[in-house]
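Undergrad: First, the structure itself, so that you have it in front of you.
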Amino acid sequence: MQILNKKTQIDFLKLRKIAIVLSAILLIASITSLVTKGLNFGLDFTGGTSVEIKYGDTADLPKVRKQLEDANYQGAVVQNFGTSRDVKIRIPDQDFIEGDKIGAAVIDLLQSNDPTVEEKFKGYVGPVVGEELKEQGAMAMLVALICIMIYVALRFEWKFSLGSVAALAHDVIITLGFFSITQMEFDLTVLAALLAVIGYSLNDTIVVFDRIRENFLKLRKGTSYEVINKSLNQTLARTLMTSFTTLLVLLALFFFGGETIHAFASALIVGVFIGTYSSIYVASIVALALGVKKEDLMPPEVEKEGAEFDLP
């Protein structure tokens, strides 16, 4: 690791203009999609019924969909989770039946067609509860960003604080944009993944800022540009190793974790890529643009009591 740090002499900040353009393009595309297409909210936010059942043998998903369609259940999503015998069904509210009765009716329907069907779970989320979850989820992210800004400002300096929050907002917006563009379902697990992305990105940013602060106080010569560049090179090995090992786990979840956590793993994979990029570029570039310098991090001088009475 130390050998890599000594040999690494990448001029990261030389590419800051390209990074700004790239981030601007991604942010504009994300915001445009969020405004025009919005998010494909799951039943957690829109309201509806979730049913989990188990078949005696491999479930025939097209047949299950046909049975629900023939019974006039519109918009049902049928997929495997766990094993090929386990089936998860999500159904939005229907006009011909009360929402809290859909789960029992669907199970009765499927059991009448196949006696081996076994109920594992059924739950209903009303539209009012779904709207509350949507508002509370947005509030959770907002509170997290505010708390992070205060924490970084107290631990480092306000210029670093704005840089870290800019990086986190950048990561959240682009991850949300990915879900808007792909129209992948956005549910509570994805919201949890977004909060995890905030934590991951912040951890990476704090490591970089910590090294920048150390170098500002340790190096007697060197401009802010040079100190930040040196710090990014010194933390590069740690950043790449952390991202690589995290992605190994997430890719395993994505490919082998089943449909139930597919969106969750996707959000984290996108978040790790964007978070690694933003900790190197967005946070550091914002701090540099705000004019962070050695004097900002020096502890204030405390005037000794009675100093004004000292004799020449």
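The values are calculated or read from the model by the stated rules, or taken from the named source; none is laboratory data. Nothing here was measured: the structure is a model prediction, and the numbers come from that model. Reconstructed Cβ throughout: ideal geometry from the backbone, glycine too, with neighbour counts over all protein chains shown. Protein only, heavy atoms only, side chains kept; ligands, DNA and RNA dropped before computing areas. Shrake-Rupley method; radii C 1.70, N 1.55, O 1.52, S 1.80 Å.
Undergrad: Ala196 versus Val249, label points 7 Å from Cα toward the beta carbon: distance in nm?
TA: 0.8
Undergrad: Can you give the charge dipole size of the chain about its Cα centre, rounded to the nearest 20 debye, using +1 on the beta carbon of Lys and Arg and -1 on the beta carbon of Asp and Glu? Working shown, then result.
TA: Numbers: 29 positive and 35 negative charges, 361 e Å.
So the dipole magnitude of the chain works out to roughly 1740 debye.
Undergrad: Next question. Considering only protein heavy atoms, what per residue accessible area in square angstrom results for the chain with a 1.4 angstrom probe?
TA: 54
Undergrad: Enumerate the amide H contacts of Phe81 below 5 Å, restricted to partners 5 or more residues apart or on another chain; note that Pro and chain-start residues carry no placed amide H.
TA: HN-HN under 5 Å from Phe81: Asp86, Val87, Lys88.
Undergrad: Determine the gain in length on full extension of the stretch Ala237-Asp11; use 0.36 nm per residue of separation and subtract their C-alpha separation, reporting nm with one decimal. Spell out each step's value before the answer.
TA: Details: separation 226, 0.36 × 226 = 81.36 nm, distance 1.50 nm.
Between Ala237 and Asp11, full extension yields 79.9 nm more.
Undergrad: So which residue, out of Asp60, Asp44, Asp86, gets the largest mean-square fluctuation from a GNM of the chain using Cα contacts under 10 Å as springs?
TA: Residue with maximal mean-square fluctuation among Asp60, Asp44, Asp86: Asp60.
Undergrad: Could you tell me the convex hull volume per residue, in Å³, taken over the Cα atoms of segment 7-144? Don't jump to the answer; show the numbers that get you there.
TA: On the way: hull volume 28.2 nm³, N = 138.
Looking at segment 7-144, the number lands at 204 Å³ per residue.
Undergrad: Which percent of the accessible area of segment 227-289 is formed by carbon and sulfur heavy atoms (probe 1.4 angstrom)? Let's see the in-between values first.
TA: Numbers: 2000 of 2500 Å².
Heavy-atom surface of segment 227-289 belonging to carbon and sulfur, 1.4 Å probe: 80 percent.
Undergrad: Rounded to the nearest 0.05, what FRET efficiency do Phe81 and Ile181 have when you use their Cβ-Cβ distance and R0 = 25 Å?
TA: Working: r = 25 Å, r/R0 = 1.00.
Approximately 0.50, to the nearest 0.05.
Undergrad: Show log10 I(q)/I(0) for the chain at q = 0.13 Å⁻¹, two decimals, from a solvent-free Debye sum over equal Cα scatterers.
TA: Log10 I(q)/I(0), no solvent term: -0.96.
Undergrad: Of all DSSP beta bridges located in the chain, what percent are antiparallel, nearest 5?
TA: Details: 18 of 20 bridges.
Roughly 90 percent of the beta bridges in the chain run antiparallel, per DSSP.
Undergrad: Specify the angular offset, from 0 to 90 degrees and rounded to the nearest 10, of the alpha carbon long axis of helix 262-280 from the longest principal axis of the alpha carbons in the chain.
TA: Here the helix axis deviates by roughly 10 degrees.
Undergrad: Sticking with this structure for a sec: Length gain on complete extension for the stretch Lys101 to Glu132, per 0.36 nm per residue less the alpha carbon to alpha carbon distance?
TA: Details: separation 31, 0.36 × 31 = 11.16 nm, distance 2.17 nm.
Between Lys101 and Glu132, full extension yields 9.0 nm more.
Undergrad: Pop the C-beta distance of Leu27 and Leu219 into the FRET formula with R0 = 35 Å and round what comes out to the nearest 0.05. Write out the running numbers ahead of the final one.
TA: Details: r = 34 Å, r/R0 = 0.96.
After rounding, the FRET efficiency stands at 0.55.
Undergrad: Also, I was wondering about something else. Take the Cα pairs of segment 65-126, get the Kirkwood Rh, then feed it into Stokes-Einstein at 10 °C and 1.306 mPa s and tell me D in µm²/s. All intermediate terms of the calculation are to be shown ahead of the outcome.
TA: Working: Rh = 12.2 Å.
Value of D from the Cα-based Kirkwood radius: 130 µm²/s.
Undergrad: Same structure, new question: What distance in nm separates the two pseudo spin-label positions at Ser112 and Lys37, each 7 Å out from Cα along the beta-carbon direction?
TA: According to this spin-label approximation, the distance is 3.9 nm.
Undergrad: Provide the convex hull volume over Cα atoms per residue for segment 101-173, in Å³. It would help to have the intermediate numbers written out before the result.
TA: Values: hull volume 9.8 nm³, N = 73.
Once divided by residue count, the hull of segment 101-173 is 134 Å³.
Undergrad: If you don't mind, there's one more thing I want to ask. Kindly provide the helix-only [θ] at 222 nm of the chain, computed as the sum of -39,500 (n - 2.57) over DSSP H runs of four or more divided by all residues, to the nearest 500 deg cm²/dmol?
TA: -21500 deg cm²/dmol
Undergrad: What fraction of the Cα pairs in segment 120-261, stated in percent, has a spacing above 27 angstrom?
TA: Working: 3678 of 10011 pairs.
That fraction is 37 percent.
Undergrad: Using the C-alpha atoms of segment 1-87, what convex hull volume per residue, in cubic angstrom, is computed? Present the calculation step by step, with values, prior to reporting the outcome.
TA: Working: hull volume 19.5 nm³, N = 87.
Per residue, the Cα convex hull of segment 1-87 comes to 224 Å³.
Undergrad: On alpha carbon coordinates alone, what is the Rg over Rh value for segment 178-239, Rh being the Kirkwood radius? Each step should come with its number before you reach the end.
TA: Working: Rg = 17.2 Å, Rh = 13.9 Å.
Over the Cα atoms of segment 178-239, Rg/Rh equals 1.23.
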